[in-house]
Every structure is written in structure tokens, then in C-alpha cells.
Amino acid sequence: MDLLTLLQVLDSSVRMATPLLLACLAGLFSERAGIFDIGLEGKMLVAAFLAAAMASVTGSAWIGLLAGIGASLTLAIVHGLASITFRGNQLISGVAINFFAAGITVVIAQSWFGQGGRTPQLGDGARFQSITLPFAESLSVVPLLGPIYKELISGHSILVYIAMLIVPLTWWGLYRTRFGLRLRAVGENPAAVDTAGISVVRLRYSAVLICGVLCGIAGAQLATAEPAAGFIKDMTAGRGYIALAALIFAKWRPWYALMACLLFGFLQALELRPDLITNVIGIKVQGQLLSALPYIMTVVILAGFVGKAIPPRAGGEPYVKER
Amino acid sequence: MTLMTKFLGASAVLALSAGAALADPALIFDLGGKFDKSFNEAAFNGAQRWAGETGGTFAEVELQSDAQREQALRRFAEAGNNPIVMAGFSFGTALEEVAADYPDTKFAIIDMVVGQPNVRSVVFNEHEGSYLVGMLAAMASTSGTVGFIGGMDIPLIRKFGCGYAQGVLAVNPDATVIANMTGTTPTAWNDPVKGSELTLAQISQGADVVYAAAGGTGVGVLQTAADNGILSIGVDSNQNYMHPGKVLTSMLKRVDNAVYEAFMAGADLETGFNVMGVGNGGVGYALDEYNASLISAEMQAAVDAAAADITSGALAVHDYTSDESCPALTF
């Protein structure tokens with residue numbers, strides 16, 4: 001396997017990892033604040049739909065992105081209402097959001113565009129194009145680093161770079177700010193936070209809203225960032241659940257989340273190139289095995305072989321001030 | 001009491017006659033939904049054509065889950081609809097049970113064989129149509145490498161891939177055929193993102209024509225192929241219009257004709273085994289104004305000659321589902 005092929009696989013891994021990473025960080029904010037969120041999948045799906053629909057109608061990918069974030073935020077607020085204000089079961093609310101999203105997107109898309117629950121294919125202006133970073137061509141003659149810069153780092157859509165930037169931002173926000181400390185505390189021991197005179201409800205709502213924004217970007221990336229060009233029904237295809245697996249794999253930490261998502265992305269990219277695996281190890285490996293690997297690894301983690309994954313202690317429990 | 005019995009009897013007779021008047025044909029769509037731009041939509045178009053020409057009406061239902069199959073069949077049979085046409089191989093098991101309970105109702109199932117006396121089993125020779133588009137792919141390819149992207153990994157889709165590879169190798173015995181399946185679960189039909197990535201992976205291996213037999217996933221395949229300046233091949237319905245000048249052709253599967261013929265026959269539907277192949281217009285390749293510039297006269301002549309040979313029996317294309325193996329391609 002030569003360098004160029006390896007870079008192409010890694011390049012594909014980065015693209016596959018981006019929606020996972022955004023969804024995983026979204027789940028991280030929510031769960032760190034003590035709100036389990038099964039509904040990542042549904043939020044991504046409505047965001048993908050509205051982003052593609054608005055981009056198609058207005059011809060602007062940015063308006064699409066905003067609309068997608070808006071749609072995702074709406075569902076995030078619903079989840080917040082159900083699980084924070086009304087103290088409902090968070091898992092049930094999340095599952096409801098997934099079912100709602102799967103149905104409503106197809107119904108609206110069908111009555112809006114009449115193309116069988118999909119949006120029209122987006123033209124070049126209406127989607128996020130790949131960006132060639134400066135000097136990518138001129139530096140490509142530099143051995144090793146040149147091709148890495150040109151093939152791997154350059155040539156992604158802006159949303160990929162945004163996703164990568166959000167990782168250090170999340171780390172800084174969670175571990176170096178007062179807000180982050182309180183957010184983590186509210187997921188571990190909300191009563192203590194409440195005793196200190198800080199509103200548990202407000203903190204949890206802000207976490208759920210951040211989760212909504214990140215899911216919105218993830219959905220827009222799926223539907224409007226090159227090479228994608230439009231929405232079709234159920235197009236998230238289980239990525240929200242893989243993101244949840246990645247979140248457990250990452251033990252609810254942002255840098256680990258990046259690693260976990262890149263690893264899952266890499267496995268998905270490898271699945272696309274069965275010929276390479278056959279060349280390298282000399283045995284034909286079934287693609288099904290590779291696509292199952294992320295889940296197998298998560299089970300291994302959960303079984304405690306690679307280390308304990310301990311969820312936030314107050315996760316899944318609505319906070320009741322007085323009993 | 002006798003009055004009551006008479007009353008009940010009268011209403012029963014009324015109900016029966018209402019049922020008889022309702023002898024409209026019925027159509028059941030599979031989980032892909034009525035407007036999938038592909039298989040189910042073709043079935044719907046056939047029914048619409050029948051309704052437009054005869055002025056008749058038909059009953060229809062879109063399924064939401066696997067559990068509804070038998071229920072939908074029984075409901076239409078009880079309501080007196082005749083014939084009842086279902087689009088999709090997944091109805092096989094349900095129909096096997098239901099058909100025996102309603103011997104006077106005629107059923108037609110597409111893509112599956114059900115051995116009941118009142119069932120018409122319509123099967124398409126997709127491998128023959130795929131063979132023809134495979135020939136076109138090999139003739140249009142300059143790199144000698146062409147790709148196949150399937151949806152869910154099931155024997156039916158392997159049948160497409162196998163026929164395609166045979167067509168490619170018939171034109172260019174040295175050609176390389178790269179075959180990938182999108183997945184093993186039904187989400188593989190609706191994952192254009194993965195379709196795009198698979199296309200990019202095949203392009204990096206040198207493919208310059210890609211055939212997508214993958215439902216909604218194919219939308220991503222066709223898009224990425226067009227973005228990167230290579231040719232693609234659509235499936236089931238004519239998809240040439242999606243990217244004019246960049247879709248080489250489409251493998252047509254005339255599900256609409258099958259539904260139309262069944263509806264036309266009405267209650268006199270001829271039951272038994274019905275094969276729709278190249279010979280009777282069941283499968284073929286699409287040629288229209290969007291791809292006219294891509295298909296030269298020689299290409300068309302070669303493919304039409306092969307189609308004639310298949311019809312006459314001089315050329316036999318191996319069917320993957322007949323023995324679960326493929327001489328031209330390993331999956």
C-alpha cells in the first residue's frame with residue numbers, strides 16, 4: 001500500500017468521522033449535564049432535512065446551515081421541556097424524537113418538493129464546497145509532508161474544519177471555565193450545585209441547547225457538504241447511535257471523543273476498500289466484520305477490558321429540588 | 001327476533017353486494033415508499049397508467065413495517081379487491097399463507113416466486129439488463145476499470161452485479177470490475193453519504209464508470225460520479241435526467257408494465273410463473289436525449305445485437321440466484 005492510497009483512506013476517514021464527532025460532542029455536553037440523549041439521530045435528521053431544503057430553496061448553504069441548527073434546536077427544546085421541566089423519562093423522550101424526526105421529514109419533504117420524501121439535488125452554490133487550503137498545490141512537491149497537507153488536511157468542506165475546532169473549544173469550555181465546572185458538577189451532583197445557589201435548570205437547558213446546535217451542524221454536514229448534495233429519508237443511517245457508542249468509548253471526554261470518532265471513521269473508510277485489506281494481510285476480510293467493529297469495540301469497553309467507562313452519576317435522573 | 005334475523009340477513013346481503021361492487025384491483029407498496037423514484041414508483045406509474053386508460057380506480061397502501069404485510073393482504077382480500085398486486089420480494093412468506101385462504105382472489109407478486117394456484121409470480125431477468133449496461137460501461141470506459149455499487153447485500157443485488165460483470169468482460173476480457181455493497185441492513189438503501197464515499201474509493205482505484213443498484217444510496221453515487229467527471233449508470237427507473245450528459249444509461253426494470261398488465265387482466269389474471277426479460281421488454285437499457293451524446297452508434301449496435309442474442313437464446317447470461325455463484329465476479 002503506497003502513501004497516496006493510505007492518504008486517500010485517511011482522507012475518507014476524516015469525512016466519515018466528522019458527523020460522528022459533532023454528534024458525539026453534542027451528546028457529551030448533554031450527558032455531562034446529566035441529560036441522556038438518545039435523540040441525537042433524530043436531531044441530525046431534521047437538521048439534515050431543513051438544511052438541504054432551505055439551501056435548495058434559497059441557493060445558500062449558509063442559510064441552510066442556520067435553518068438546520070434551528071430545526072435541531074427546536075427538538076432540543078422539546079427534549080429539554082420533557083426531561084428537565086416536566087421531569088419525564090429522558091430515554092423515552094429521545095426515542096420519541098427519533099421516531100418523530102423519521103416521519104415528519106418525509107411527510108414535509110413530500111408535500112414541499114413532491115419527490116418522494118427527498119429534496120432536489122443541490123447545485124454547486126447551495127452546498128459547502130471543498131476548500132483547497134493555501135499552498136496545497138505548490139507544497140505538494142515536498143516529500144511526505146506535501147502530499148499529507150494536500151490530500152489529508154486540505155480539500156475538506158468548512159464544516160469539517162469547524163468540527164475539528166470545536167474539540168479544543170469543548171475541552172477549554174468544560175475544563176477551564178466556570179461554566180464548564182458547573183456543567184460537569186450538575187451531571188454529577190445537582191443538589192450540590194443547587195445548594196451553591198446556581199440554577200440547575202438553567203445549566204441543563206444550556207447544555208441541551210448546545211447539544212442542539214452541534215447536532216444541527218452535524219446534520220447540515222451530512223446533507224449539504226460535498227460530496228453530499230441533498231436529503232433523502234433516513235439518511236443519518238444510524239450515525240447518532242454510533243456517536244453514542246463513541247461517547248462511551250471516549251469515556252465522556254472531548255479529546256478521547258476525537259480519537260474514538262476518528263477510529264470509527266477509519267474503520268468505516270476501511271470497509272470501503274476491502275481490496276486494500278486483502279493486499280496487506282493476504283486474507284479476504286468480510287466488510288460486515290469491519291462495519292461491526294465499532295460496536296464490538298464498544299462492547300469490549302463496556303465489559304471493562306480496556307478500562308472502566310463511568311457515566312456522569314446524575315445522568316438520566318430529573319432533578320427534584322424538594323421531596 | 002325473526003325481524004332481527006331478517007334485518008341482519010339483509011344487511012349481510014348488502015355488505016356482500018357492496019364487496020362485490022368493490023372488485024377493484026389493489027396495489028401494495030413495499031417499505032421503500034410510493035415515491036422512491038425507483039422500484040415502487042414504477043409500480044405506481046403502471047397503476048396510474050391503467051387508471052388513466054380505463055377510468056377505473058384502485059386501492060393502495062404503503063406499508064410502514066414488516067408486520068403489516070399479512071394484515072394488508074387480508075384486508076384487501078376481505079374487501080373483495082381482485083387482483084391484488086404486491087411490489088417486492090418480502091411479501092413471499094405472507095402471501096404463501098394468505099393465498100390459500102382466499103382461493104377465489106387472484107394475487108400477483110413481483111420479484112418472488114410463490115407456488116400457489118391463484119398467484120402470478122412475476123420475475124425479472126435483471127441479470128440480462130445488467131449485462132447490457134455492463135457492455136456499455138466497458139465500451140465507454142477508457143481506464144479498463146469499472147465499478148458496481150450494490151445496496152443491501154442480498155442475492156437479488158448480487159444478480160445485478162453478476163450480470164453486469166459478465167457484460168463488461170464480454171466486451172473487454174482484461175477489464176477489472178470493482179464491486180462493493182453498501183451494507184447488510186435496510187439502511188443500506190438510504191445512505192447516499194456512504195454511496196458517495198464508495199464512489200470516491202472506486203475512483204481512486206481507477207474506475208471511470210460506476211453502476212449503482214442501491215435505491216436511495218444511488219443518488220449519492222450518481223452525484224459524486226458527476227462531480228468527479230466520471231460516468232454512472234442508474235437503475236430500475238430511467239435516471240438519465242438526474243445529471244444530463246453524465247449518466248451513461250440506466251438499467252430499466254419495467255415494474256410498471258408488470259403492474260399494468262396485471263390490472264388490465266383483472267379477475268381473469270393468468271396465474272403461474274411469469275418472466276419479464278430482455279425479450280418481452282421487461283428489462284433493458286435507457287436511451288434518451290440526456291445520454292444520446294454518450295452512446296455512439298457502434299455501442300448501440302453492439303448492445304442491440306447482444307439483446308437479440310439473449311432473446312433468441314444464443315447468448316445465456318448466468319443468473320446468480322440460480323446457484324448462488326458468479327463466474328465473472330467474486331463478492
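Quick look at the values:
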| item | result |
| --- | --- |
| Residues of region A:170-196 satisfying the condition of being within 30 Å of A:Ile153 (Cβ to Cβ) and exposed (fewer than 13 other Cβ atoms within 10 Å of the Cβ) | A:Trp172, A:Tyr175, A:Arg176, A:Thr177 |
| All positions within region A:103-128 that are over 25 Å from the mean Cα position of the chain (by Cα), at the interface with another protein chain (Cβ under 9 Å from one of its Cβ atoms) and over 28 Å from B:Asn228 (Cβ atoms) | A:Gln110, A:Gly114 |
| 2 or more residues aromatic (Phe, Trp, Tyr) and within 30 Å of A:Gln129 (Cβ to Cβ): qualifying helices (runs of 4 or more DSSP H) within region A:153-258 | A:158-176 |
| Residue pairs meeting the criteria (Cβ under 7 Å; at least 6 apart or on separate chains; first free of Cβ contacts under 8 Å to residues at least 40 places away in the same chain, in region B:71-87; second surrounded by fewer than 20 Cβ atoms within 10 Å (Cβ to Cβ) and assigned to a loop (DSSP other than H, G, I, E, B)) | B:Ala77/B:Tyr102 |
| Boolean, B:Ala225 is within 14 Å of chain A (Cβ to nearest Cβ) and either among the small types (Gly, Ala, Ser) or at positive phi (or both) | yes |
| Residues that are part of a loop (DSSP other than H, G, I, E, B) and among the hydrophobic types (A, V, I, L, M, F, W, C), drawn from region B:107-131 | B:Met112, B:Val113, B:Val114 |
| Verdict on B:Gly46 being crowded, with 17+ Cβ neighbours inside 10 Å, within 14 Å of chain A (Cβ to nearest Cβ) and either touching a residue at least 24 places away in the same chain (Cβ under 8 Å) or under 25 Å from B:Ala214 (Cβ atoms) (or both) | no |
| Matching residues in region B:203-223 - criterion: being over 15 Å from B:Val247 (Cβ atoms) and either of a type in the set (D, E, K, R) or in a helix (DSSP H, G or I) (or both) | B:Ile203, B:Ser204, B:Thr217 |
| Matching residues in region B:266-287 - criterion: being assigned to a helix (DSSP H, G or I) and either charged (D, E, K, R) or modelled with pLDDT of 90 or more (or both) | B:Asp268 |
| Residue satisfying condition, being among the charged types (D, E, K, R) and either facing chain B (nearest Cβ under 9 Å) or in contact with an Asp or Glu (Cβ under 7 Å, 6 or more places away or on another chain) (or both), within set A:Lys233, A:Lys251 | A:Lys233 |
| Residue list for region B:186-199, restricted to those being more than 20 Å from A:Ala52 (Cβ to Cβ) and in contact with a Ser or Thr (Cβ under 8 Å, 6 or more places away or on another chain) | B:Ala188, B:Leu198 |
| From the options B:Leu269, B:Leu252, residue that is touching a Pro at 6+ places or on another chain (Cβ under 9 Å), within 21 Å of B:Phe44 (Cα to Cα) and more than 11 Å from every other protein chain (Cβ to nearest Cβ) | B:Leu269 |
| Selection count, region A:100-114, where residues are free of Cβ contacts under 8 Å to residues at least 12 places away in the same chain and either among the β-branched types (Val, Ile, Thr) or closer than 18 Å to A:Thr58 by Cβ (or both) | 1 |
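To keep it simple, each residue is scored yes or no on (1) assigned by TED's automatic domain parsing to the domain that holds B:Val221; (2) surrounded by 24 or more Cβ atoms within 10 Å (Cβ to Cβ); (3) out of contact with any strand residue (DSSP E or B) (no Cβ under 7 Å at 6 or more places or on another chain); (4) modelled with pLDDT under 95.
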residue: B:Leu156; (1), (2), (3), (4): yes, no, yes, yes
residue: B:Cys162; (1), (2), (3), (4): yes, yes, yes, no
residue: B:Ala165; (1), (2), (3), (4): yes, yes, no, no
residue: B:Val168; (1), (2), (3), (4): yes, yes, no, no
residue: B:Asn180; (1), (2), (3), (4): yes, yes, no, yes
residue: B:Pro186; (1), (2), (3), (4): yes, no, no, yes
residue: B:Val193; (1), (2), (3), (4): yes, yes, yes, yes
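The values are calculated or read from the model by the stated rules, or taken from the named source; none is laboratory data. Keep in mind that this is a model prediction, so the values were computed, not measured. A quick note on method: Cβ atoms are made from the backbone with ideal geometry, for glycine too, and the neighbour counts reach across all protein chains shown.
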